[in-house]
Number of protein chains: 2
Amino acid sequence: MSTQINASIITIGDELLIGQTIDTNSAWIGQQLNALGIWLKRRVAVGDSKADILQALDQEAAQSDLIIITGGLGPTADDITKPLLCNYFNGQLVENQKVKNHVLQIFRKRNRPIIDANIAQAMLPNVCDVLWNEMGTAPGMWFAKNNKIFIALPGVPFEMKHIMTHEALPKIKERFTTPNVMHKTICTAGIGESFLAASIQDFETSLPANIKLAYLPQLGGVKLRLTGRDVAAATLENYFQTLITQLPHIVYATEDMPIEKAIGKLLLEKKLTVSFAESCTGGGISAAITSITGSSGYCNGGIVSYTNDVKINLLGVPAETLKQFSEVSAQTVTAMANGVRTKLKSTIGLSISGYLEVVKGKESEKGLIWIGIANEQTTKTISAIMPYDRERNCELAIATALNNLRIFISENY
Amino acid sequence: MSTQINASIITIGDELLIGQTIDTNSAWIGQQLNALGIWLKRRVAVGDSKADILQALDQEAAQSDLIIITGGLGPTADDITKPLLCNYFNGQLVENQKVKNHVLQIFRKRNRPIIDANIAQAMLPNVCDVLWNEMGTAPGMWFAKNNKIFIALPGVPFEMKHIMTHEALPKIKERFTTPNVMHKTICTAGIGESFLAASIQDFETSLPANIKLAYLPQLGGVKLRLTGRDVAAATLENYFQTLITQLPHIVYATEDMPIEKAIGKLLLEKKLTVSFAESCTGGGISAAITSITGSSGYCNGGIVSYTNDVKINLLGVPAETLKQFSEVSAQTVTAMANGVRTKLKSTIGLSISGYLEVVKGKESEKGLIWIGIANEQTTKTISAIMPYDRERNCELAIATALNNLRIFISENY
C-alpha cells in the first residue's frame, strides 16, 4: 500500500477574485491528479499581491507534498510572481537561450512586433527545471524545497494543459509513488438524489473501505461513480455490475456521457430518425441533440412553433384542438408530435408545450409542461411540473423530454 | 472615506477537488462583492473533511471580515458541514417549523416521496439567522463571531444566487459600511478585447483615480464597466456618456443585458417579428431569443433544417441551389432566410448554415459559417470562420448571428 500524497493548487490573479474569469484550470488539474491517485487537498485563489502569494505558498507547503501554482506568468502580468518565486527558492533570474529562441520564433511566425516584456519570458530562475511550453512564451517551472515539489504554470488553459500533459505529469509520476486508482461511472436520469441514495443504501453499506461511491447530481438525474484504490479490477467490476442491476430502467449509460449522446447511440443502433416540435423550449431540445457529432445521421431537425399559427399551419394541429384543450394539453402535443414526425419524415416525433413561468394567468399553470412522443403505431403523452424559474425550468423541461425519449425508444424498439 | 472590507470564500465538497464540478459560484459571488466595494481577498476550496473545514474557517477568519461558505448542505451531504458549523459557533440543532413546512410543501408539489434526510434540512443551529431558501430545501445561515460574519449557503448555483440576492446581500449592506461604489455598464459586440482597448486608450488614460474601467469579455463581445468609488453621480455619468460616443455601432446596450434581450426590445419597439432557419446551430438561436420573457410578442418560431430534405421541402430551398453552391453558401442561406420568413409569416427571417467541425471533408471548411438575414425588400449575407471546437464554435456562431441581426434591424428600421 502506498501512503497518501496531498496536493494544493494556488491560483494567482485579481481577475479570479473580482469574478471576471471562471477558474476551469483547477477542475482539470484536479481530474488529472485524481486519476493518478493524488489527493487534491486544497485549492486557493489569491490576488496579484506579494504578501498574499507568499502566505499561500507557506500555508500550502505546510500541508501538501505537491503545490501547483497557475497564473501570474504572462507578458502582461505585473511581474510579481516570477521574481517572487525566484526569491522564495533562493535563486537568480538568468536568460535561457533555448526559451529565448522559441519566443523569437513564435513572434516571427505570427508576424507580430516583439516587445521587451516578451523577451523577458526567457529570464528564468537558475534553481528550477524548465517545463517546456510548446504552445506559448511563458515556460513552466519545477522547484523542490524541503522535500516538497512546487510547479508553476501559466494560467492560459491550453498552455497549462499542454505543459501538464507533456512535461509535469510524467515528472510527477516519476517523483511520487502513487496508488492504483480506478473509476467506473453510471449515469442515471429521472430519480432525485435523495431517493436514489435511499434505494441503494444497502449496496453502499456493503462496499469495502477501498471502494467509494460518489453521487454527482446533474439536472434531471444523478451520476454515480465507484472509485477503487489499490483494488483488483475484477472486484471493482463486480460491484459495478451489482450496482447496475439494482437500478433497472434509470441507468442510461454505463460510462460518463450526456443523455443526448446516449440517445444518439440508441437511435443509430436501432436505425431510427427523430424530429422535434418545440414550443416552450424554443429549440433547446433540437440544439441538445444536434450538439453531438454525427447527429445528422439520426436527427432530421425540427419546428419551433412559438405561435398557434405555426402549430396550425406547419404542424397541422387542428385549430379546434387548440381552442378546446388549449396549447398546453395532451391533445395538442399529440397532434404536434405526429405533425412533425410526418412533415419531417422521421420514425419518431417528439413535441413539447408548456408554461415555464406565469406572467399573466393562473398560478396552477405555473411550470406545467406536456410532452408528446409518437411513432407510426403509438403516441405517448407525459405531463410534469417544473418548479423553478424560467431559465432552469427550460433546462429541466429539456432534460425531462430527453429522458422520456430514451424510455420511449427502450419500450418500443 | 470607508475602510477596506476583506472577504473570503470557502467552498466545501470533494467533487470540486476531484474536478467533477467547475466552481462557477465563486466568480458570481466575487462579482457581487466587488459591486458592493468589498474586496474578495481569498477563495479556498476544501473537501468534505472536518479537520480541513475547521482549519479553513480559522485561517480565513484571521484575515477577512466576511466569510462566505458554500456547499456541504444538501440532503445527501455527509452530514459534516451543518453540525460542524453548529459546534463552531457553540449552538445546537433545533427544528425550524417554517423550514419544515416549506420542505414538505416542495415534495408535495413535485409529487415525490420524502425521506428523513429531506426533513433533516429543517434542523438548524439555534445561533444563526436563517436565510430563507425559496428555491430549495437547504436554507442559508448567517453567523457572527468575534466581530466577523460567516454566511453558509447551499452549493447548487441557482439556490445560492437566490439566497444571496434576496437574503444575504441586503443584510451585508446593512451590516458593513461599504464605500460608495457606482457601476455603469456598456455592452458591446463584434470587436475583440485588445482592439477595443487600443481604440479607447486615450479615454482610459483620462480617467481620474477614483474611476476604473474594467473589460469583461464574453463570447462575441466585451462588456465595459466604469466603477466609481466615492465619486459624484454626475461625474461618473459624464465619463459614461463620453465612452458611449467613442464606440458608435458596437454598443448594443447601455446597461448590463444579454444581446437577445436587447434584440427583443428593438423588435418590440419597431413592431417587427422574426423567425429562424437553423442548420448548424440546431435550434440554439431560437432557444436564445425565446429565453426572454415576452418573446412570443416578436418571435414566431423557426425551422431546424438539419437535412437537405427539410431545407428543400419545408424551407423551399431549390435542390439546384444546394447542388450547385452546397449547403454552406450565400445562395443557400439566402433561400433559407426568405423561406422561413415567408413560411412563418415574419417581417424578418434569419438563417444559418455551416461546418462547426470537420469530421470528413476539407480542412479549409473548418468553422466556416454563412448567415442570411432577409426582409421583404432585401437580403444580407455574412460569412465568418469559427476557430474553436464544436461546442464553442456553436456558441460563437449563435452570438455572431444575433449581433448581425441587431445590425440588420438598426440599418433597415
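Using +1 at the Cβ of each Lys and Arg and -1 at the Cβ of each Asp and Glu in region A:259-412, identify which of A:Asn404, A:Val358, A:Thr281 lies farthest towards the dipole's positive end.
Of the options given, the answer is A:Asn404.
Average partner chain C-beta neighbours within 10 Å, per residue of A:33-42?
4
Once the Cα gyration tensor of region B:6-175 is found, what semi-axes does its equivalent ellipsoid get, as square roots of 5 times the eigenvalues, in whole Å, sorted largest first?
Here the semi-axes work out to 24, 17, 17 Å.
Based on the mean of other Cβ atoms within 10 Å per residue, sort peptides B:90-97, A:43-50, A:343-350, A:385-392 so the most packed one is first.
Answer by packing, highest mean first, reads A:343-350, A:43-50, A:385-392, B:90-97.
What are the label-to-label distances in nm, one decimal and shortest first, from B:Asn111 to the same spot in the other copies, with labels 7 Å along Cα to Cβ?
Spelled out, the distances from B:Asn111's label point are 6.5 nm.
Hey, fewest Cβ within 10 Å first, where do B:Ser410, A:Ser305 land in order?
Details: B:Ser410 12, A:Ser305 30.
Final ranking by Cβ density, sparse to dense: B:Ser410, A:Ser305.
Mind ranking A:270-278, A:245-253, B:261-269 by how tightly packed they are, going by the mean number of other C-beta atoms within 10 angstrom, highest first?
Averaged packing, sorted descending, gives the order A:270-278, B:261-269, A:245-253.
Taking the convex hull of the Cα atoms, report for the protein assembly as shown its projected area averaged over all directions, in nm².
Hull-based average projected area comes out at 36.4 nm².
Can you give me the distance in nm between label points at A:Arg108 and B:Asn87, each placed 7 Å from the Cα along the Cα-to-Cβ direction?
Here the modelled spin labels are 6.4 nm apart.
Between A:Ile80 and B:Val130, take the C-beta separation as r, use R0 = 45 Å, and let me know the FRET efficiency to the nearest 0.05. All intermediate terms of the calculation are to be shown ahead of the outcome.
Details: r = 42 Å, r/R0 = 0.94.
Computed FRET efficiency for A:Ile80 and B:Val130: 0.60.
For an R0 of 25 angstrom, estimate the FRET efficiency from the Cβ-Cβ distance between B:Tyr388 and B:Gln218 and round to the nearest 0.05.
0.95
Over chain A, what is the relative contact order in whole percent, taking alpha-carbon pairs under 8 Å and six or more residues apart?
Rounded, it is 10 percent for chain A.
Among A:26-35, B:105-114, what's the highest-first ranking by average C-beta atoms within 10 angstrom per residue?
Highest mean packing first, the order is A:26-35, B:105-114.
Given a Förster radius of 25 Å and the C-beta distance between B:Ala234 and B:Lys173 as r, what FRET efficiency does 1/(1 + (r/R0)^6) yield to the nearest 0.05?
0.60
Is there a simple number for the mean count of other chain Cβ atoms within 10 Å of the Cβ of residues in A:274-283, and what is it?
Taking the mean over all residues of the peptide, I get 6.
For a 25 Å ceiling on Cα separation, which of these pairs sit above it: A:Lys50/B:Lys212; A:Lys323/A:Lys343; A:Lys82/A:Lys148; A:Lys148/A:Lys223; A:Lys366/B:Lys343; A:Lys380/B:Lys109?
Over 25 Å Cα-Cα: A:Lys148/A:Lys223; A:Lys366/B:Lys343.
How far is the Cα center of region B:141-163 from the Cα center of region B:276-314, in Å?
That distance is 41 Å.
Can you find, among B:Gly91, A:Ala7, A:Leu213, the residue farthest towards the positive end of the dipole of the protein assembly as shown? Put +1 on the C-beta of Lys and Arg, -1 on that of Asp and Glu.
A:Leu213
For all pairs of alpha-carbon atoms in chain A, what percent lies in each bin of width 20 Å, listed from the first bin to the last filled one?
The calculated distribution, bin by bin, is 22, 38, 32, 7, 0.
Under the definition of partner shielding as Cβ atoms of other protein chains within 10 Å of a residue Cβ, what is the mean value for peptide B:81-92?
Numbers: counts 0, 0, 0, 0, 0, 0, 0, 0, 0, 0, 0, 0.
Partner-chain Cβ atoms within 10 Å, mean over residues of B:81-92: 0.
In nm to one decimal, list the spacings between the B:Ala214 label point and its equivalents in the other copies, with label points set 7 Å along Cα to Cβ, shortest first.
Label-point distances to the other copies, shortest first: 3.1 nm.
Under a crude label model (7 Å from the Cα following the beta-carbon direction), how far is B:Lys145 from A:Asn146 in nanometres?
Label-label distance for B:Lys145 and A:Asn146, simple model: 2.7 nm.
For the protein assembly as shown, what does the helix formula give at 222 nm: sum of -39500 (n - 2.57) over DSSP H segments with n ≥ 4, over the residue count, nearest 500 deg cm²/dmol?
Here the helix-only value at 222 nm equals -11500 deg cm²/dmol.
In nm, to one decimal, how far is the B:Lys345 label point from the A:Ile22 one, both placed 7 Å along Cα→Cβ?
Taking the two extended label points, one gets 4.0 nm.
I need the inter-copy label distances for A:Val358: point set 7 Å along Cα to C-beta, values in nm with one decimal, smallest first.
Reported distances to equivalent positions: 5.4 nm.
Each value in this text was obtained by applying a stated rule to the coordinates, not by laboratory testing. This is a predicted model, so every value here is computed, not measured. Positions of Cβ are generated from backbone atoms using ideal geometry, with glycine treated the same way; all protein chains shown enter the neighbour counts.
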